[in-house]
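The block underneath contains the structure these notes are about, expressed in structure tokens.
The values are calculated or read from the model by the stated rules, or taken from the named source; none is laboratory data. The shown structure was predicted, so the numbers you read here are calculated from the model rather than taken from an experiment. Backbone-built Cβ (ideal geometry, glycine too); neighbour counts: all protein chains shown.
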Amino acid sequence: MSTRDDIARASVPDFLIADGEMGASMRGHAWASSPLGLPTSWPQPLKTLVSVMLGSNQPMFVAWGWERTLLYNDAYSEILADKHPSALGRDFLEVWSEIRPELVPIVEEAYAGRPVQMDDITLIMLRKGFPEETHFSFSYTPVRDESGAVAGFFCPCLEITEQVLSDRRRTFRLALEERLRDLADPIDIVSAASEALGLHMNVAQVAYAEVDADGETVSIEREWNSGAMASNAGRHRLVDFGPAFAADLMRGERVAIADVRQDPRTSSPEALSAFAKLSIASFLNIPLVKAGRLVAVLAIHNLIPRTWSADEIGLVEEFAERIRAAVEQARAEAHLQETSRRLSALLDNASVSIFLMDSDHRCQYMNPAAEALTGFSLDETRGNHLHDVIHHTRPDGSRYPSHECPIDGVSPSVGRQQGEEVFVHKSGRFIPVAFTASPVRNEAGEPIGTVIEVQDMTEQKAAEAELQENRARLQKSLSQAERKAAEMQAVLESMPDAVYIGTGEGITLANQHALDQLGFTSREELNRRVAALAEEIETRDAETGVLISVEGQAFTRAFRGERIVQNVRVRHRLTGEDRVVRCAAAPVTVDGHVIAAVAVNTDITDAKRGEAALRESEARFRDIADAAPVLIWISDTTKACTWFNRPWLEFTGRTMEEEYGYGWAEGVHADDFDRCVSTYNAAFDNREPFRMDYRLRQHDGTYRILDDVGVPRFAEDGTFLGYIGACTDVTDARRAEEDLRELADTLESRVTERTVELEQAHEQLRQSQKLEAMGALTGGVAHDFNNLLTPIVGSLDLLQRRSLGGEREQRLIAGAIQSADRAKTLVQRLLAFARRQPLQASAVDIRRLVEGMADLLGSTTGPQVRVVVEVAEDLPPAKADPNQLEMALLNLGVNARDAMPNGGTLRISATRESIRAPRGDLRRGHYVRLSVADTGMGMDEATLARAVEPFFSTKGIGKGTGLGLSMAHGLAAQLGGALIIQSRPEVGTNVELWLPISAVVAGIEDISSVSSSLGEAHGLALLVDDEEFVRESTADMLEEFGYQVRQATSGEAALALVSQGLVPDLLVSDHLMPGLSGVDLARRLRETLPHLPVLIVSGYAEAEGIAPDLPRLTKPFRSAELEACLAAIKTH
């Protein structure tokens, strides 16, 4: 956050400091002229509600005072729609004037002190420019002021409109299906469906218009209307209602007109005249196209303008198709019955047996010859499947399944078909027959049934009995094979990977994933020779990038009997995109012969990228851990150790493989083994940190004493991952302790006191060594995180400043920036502990700082904790970083609050103190002692001894980082002061920050804290950084300021560019890089360019090695921070 934002936020009350649009709107609103007055004068209950509301993602609002002044959060602004942002600060009932009658009784109940709960209330709102039916679930909770009187009400709410309308549509669909099921007349079907749709949508008229053969005129036989509109039955020319409108329908495009007077397609004088005659103000037309031709239109008409929602359009489109299908079905059946009647007279005298079937394969007619052939009358077969009457039993007496019946399987949608079968006579006698099946079509050429001609083949089949039996078996086998092929295709489609099966002549089976992955639109395209397909699909080795020939590809090698897995890079046939695929191929064998091959392609592109990122992260960790001056180990969830850093392996003289698992335990001294293992197991089983010492064999065979500290590792979701530990060699310290004990046994009591002092000094030395080691490790990790955060923060800042995307995208960007800022804060805490956070030390008025923090501490600690501030009147300024000091003071206040769960007193005091002789970490000098004391639980000696250890916390998992006291300790040490903790169980804790007195008068701002604007920048900027993404992000910012940017990956590369004639107007360089550092580079360049402006940027954030005259900027940073630094350089 910039200094400008800090100043802006400091000028508004704490409860209005919230991210999001409404937080900003409330801070900028002119409250002085509202009934509420200035926010600082608002009642505490209102302040609390507003703070809670602004921090919530659920829609919420508050109506306050008898004026019902409306306050709301970001989520509720979406419900207000067009009423936002003008609704803020207005009368709640005035904002919702269109639903005031429904709201007044509920509001009156709330102001009477009675809460109201509504699970589903229907409201007709006018929030988007048109009346809209909405549904809400909410509760009105009365809120009382300090006097106990009802001063307003608080409402969390949830819009359930979509859920209610979805349920209503589902019920409507079921009811309409039920109503249409038994209707046969097309006009009745259209009338029933139109009425149901009109009532459901609450429109004036619904009409089903069929397009005449000329394609320009529509006919409406009957329509439904609500009674408010005259009938539109008759013929109408589409072009009369607007040529553009007619053209859209002809192209098969739906037309939704909210207002015929406003839409350019319908607003011509001629079109408006035609609409006026029919009383149509708005309409929705859904075209029904068949075989590329417009055949019908489902029209929804309304008397007044109306905006048609996407949901309404989808519903009408769905039922337009259903109505058309029902009408065509009814007409087809009617046509079939008429055809049957006309054919009866002709077929009654035919010599062949003739059966007339409908589209469902049910018998509608059979001629006398067919009755003679089967022994059944027409009355016995009409309405039944032919199979069930004369084809249900095999000659062997077994049941003949209908799915194997070739006659029952004849489809009227295909052409003429012929075949042979065996009928069962009514007497039980079997009759071999030959049949010919031909489709019956209506006037439009659409199939509506089947005519089956049957010839008695008894004599002919007597000689072909054996052949017929073989054909029956073959038919059965083919049907089963087709079913299995369908089942196989279904199985393939259910698989998440691309799967295809085939031979060298072509791929015969493939799922949709395979088509999408390879770039084909149909399976027929794949059924070609594999060699031809390979020419269109470029396949390379995933690791080497070498092109793989057809013979070398996994699918082809599977034909040769190989089972193979290949990682390949496949280029998409259409888009050209490269994807990394793991191809597993295997042969399909029958009786030992390869008949096909099957391949499963798993897209592992994202996994490969993730593995690369993980390897890079692990490599960074190994480099940091290997550089640490301690022995580090990591274990998994099975207690087995999986990794050791280089100092460990050098210490033991063993390899990683030898130490892996439980191999490390071989080096533990036999006398320490049981205690070591039991301590580790007990802590592991309870997921608790542990600390123990044991003797471990060194590479030369000697044993050294190690102090081993282990902590559990958890993933972000709380999943236990194992342990990580660090071991410090304390052999020399222990030996010194033993020598001291031996000396103590021989010396008189006069040296006892001195011995105690020496032991304390050794303990402090060991603690300092451990903290220094952890600090080095933590500082290195924080440095890498700063480099990782820099391009993230810079890119998000750019997206936000350019306002890319819509409101939702901007909210997502704002959320990402907030998370990045939190990560930045955590890194600053880590660096503060490591004493590598650069301090903006200045003269600080401690009295003013503490009094300014009092209200924040009061709201943070809650009403149960009484905050007392005692600061001397004549307190001199202290040398400190005000931002870091405020953070430390807030952390100490939170720790004090957590130590007083039942309430208590938090006392903050500041006095002037002088140290005449060195005392512990305090040197001689003058100090301001800042004390934070509580009356809480206190700490025992063991806890007090570890209080400033990093990551040590007694609050439990997820309730604290364990860095608060560590950061405060590091801050005091960096400033030349000290942190002193005094605590007693059940009495309380007093934490003292000793800060050196400043020689500068407080109140003089450093130039770095003054907000500056660079203005229009010109010239060439030389940008040097070894991190590519940091370099690219910074270059974008500089180019946005107006600079031309030339990039270099190292100091040496930058010197080479200058030696080749490059003359930069500005140098922006990383500090720590391989080879030349940023400072060394600046000095070299200023030898030839003495007036070159220089800005040093560092992710390590430490000032060591950076000359005082060189401006510096700490990673990560935003564009505004970089601009301010460059402006300061330009000014000075």
Across the stretch 55-101, which residue is surrounded by the fewest Cβ atoms within 10 Å (Cβ to Cβ) among those that are among the basic types (Lys, Arg) and in a helix (DSSP H, G or I)?
-> ARG100
So, of the residues in the stretch 549-562 that are touching a helix residue (DSSP H, G or I) at 6+ places or on another chain (Cβ under 9 Å) and part of a loop (DSSP other than H, G, I, E, B), which turns out to be nearest to VAL590 (Cα to Cα)?
-> GLU562
Among the residues of the stretch 75-104, count how many are touching a residue at least 12 places away in the same chain (Cβ under 8 Å) and among the basic types (Lys, Arg).
-> 2
If you go through the stretch 667-701 one residue at a time, how many are among the acidic types (Asp, Glu) and either at pLDDT 95 or above or surrounded by 12 or more Cβ atoms within 10 Å (Cβ to Cβ) (or both)?
-> 2
Check the stretch 358-374 and report whether any residue there is farther than 30 Å from CYS405 by Cα, at pLDDT 80 or above, in contact with a His (Cβ under 9 Å, 6 or more places away or on another chain) and buried (at least 19 other Cβ atoms within 10 Å of the Cβ).
-> no
Mind listing just one residue for me: the one in the stretch 835-854 that is within 20 Å of ARG912 (Cβ to Cβ) and assigned to a loop (DSSP other than H, G, I, E, B) and, of those, modelled with the highest pLDDT?
-> ASP845
Result of the Cβ filter at 6 Å on the stretch 128-153, keeping first residues that are within 29 Å of ASN202 (Cβ to Cβ) and partners that are polar (S, T, N, Q), at least 6 apart or interchain, is PHE130/THR307; THR134/THR161; HIS135/THR122; HIS135/THR161
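Yes or no, residue by residue, for (1) closer than 26 Å to GLU195 by Cβ; (2) at pLDDT 90 or above; (3) not in a loop (DSSP other than H, G, I, E, B); (4) not assigned by TED's automatic domain parsing to the domain that holds ALA444:
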site	(1), (2), (3), (4)
ALA209	yes, no, yes, yes
ALA213	no, no, no, yes
ALA246	no, no, yes, yes
ALA256	yes, yes, yes, yes
GLN262	no, yes, no, yes
LEU288	yes, no, yes, yes
Looking at the stretch 1022-1132, what helices (runs of 4 or more DSSP H) fall wholly within it and have at least 3 residues that are closer than 30 Å to GLN818 by Cα and touching a residue at least 24 places away in the same chain (Cβ under 8 Å)?
-> 1028-1041, 1119-1131
Single residue of the stretch 544-575 satisfying the filter (of a type in the set (Ser, Thr, Tyr) and farther than 20 Å from ALA607 by Cα) that is nearest to the chain's Cα centre (by Cα) = THR575
Scan the stretch 534-552 and give yes if some residue there is touching a Phe, Trp or Tyr at 6+ places or on another chain (Cβ under 8 Å) and under 30 Å from ALA612 (Cβ atoms), otherwise no.
-> no
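Can you tell me which residue is farthest from VAL203 (Cα to Cα) among those in the stretch 112-127 that are hydrophobic (A, V, I, L, M, F, W, C) and part of a strand (DSSP E or B)?
VAL116
Filter the stretch 564-580 down to the residues that are out of contact with any Lys or Arg (no Cβ under 9 Å at 6 or more places or on another chain) and either free of Cβ contacts under 8 Å to residues at least 40 places away in the same chain or of a type in the set (A, V, I, L, M, F, W, C) (or both) and list them by number.
LEU574, GLY576
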State which residue is nearest to PRO264 (Cα to Cα) when the search covers only the stretch 220-245 and only residues that are under 48 Å from the mean Cα position of the chain (by Cα) and surrounded by fewer than 18 Cβ atoms within 10 Å (Cβ to Cβ).
-> ALA244
The residue from ARG620, ARG646 that alone is in contact with a helix residue (DSSP H, G or I) (Cβ under 8 Å, 6 or more places away or on another chain), over 24 Å from PHE720 (Cα atoms), in the same structural domain as VAL709 (by TED's automatic domain parsing) and of a type in the set (Lys, Arg) is ARG646
Of everything in the stretch 899-936 that's polar (S, T, N, Q) and outside any strand (DSSP E or B), which residue is surrounded by the fewest Cβ atoms within 10 Å (Cβ to Cβ)?
-> ASN902
When ASP456 is evaluated against the numbered criteria (1) at pLDDT below 80; (2) touching a Leu at 6+ places or on another chain (Cβ under 7 Å), which criterion, by number, is the only one it fails?
-> (1)
Residues that are over 42 Å from the mean Cα position of the chain (by Cα): which helices (runs of 4 or more DSSP H) entirely in the stretch 642-701 hold 3 or more of them?
-> 646-652, 670-686
State yes or no: is ARG540 outside any helix (DSSP H, G or I) and closer than 19 Å to ALA596 by Cβ?
-> no
So which of THR825, THR790 is part of a helix (DSSP H, G or I), under 30 Å from GLU870 (Cβ atoms) and modelled with pLDDT under 75?
-> THR825
If you take the residues of the stretch 104-158 that are among the hydroxyl-bearing types (Ser, Thr, Tyr) and within 17 Å of LEU49 (Cβ to Cβ), which of them is surrounded by the fewest Cβ atoms within 10 Å (Cβ to Cβ)?
-> SER147
Members of the stretch 702-743 found to be within 30 Å of the chain's Cα centre (by Cα), buried (at least 16 other Cβ atoms within 10 Å of the Cβ) and among the hydroxyl-bearing types (Ser, Thr, Tyr), listed by number = TYR723
Scan ALA271, ALA299 and give me the residue that is buried (at least 20 other Cβ atoms within 10 Å of the Cβ), in contact with a Phe, Trp or Tyr (Cβ under 9 Å, 6 or more places away or on another chain), part of a helix (DSSP H, G or I) and touching a residue at least 12 places away in the same chain (Cβ under 8 Å).
-> ALA271
Residue that is at pLDDT 90 or above, farther than 25 Å from ASP797 by Cα and more than 42 Å from the chain's Cα centre (by Cα), where the choices are PRO1064, PRO1108 | PRO1064
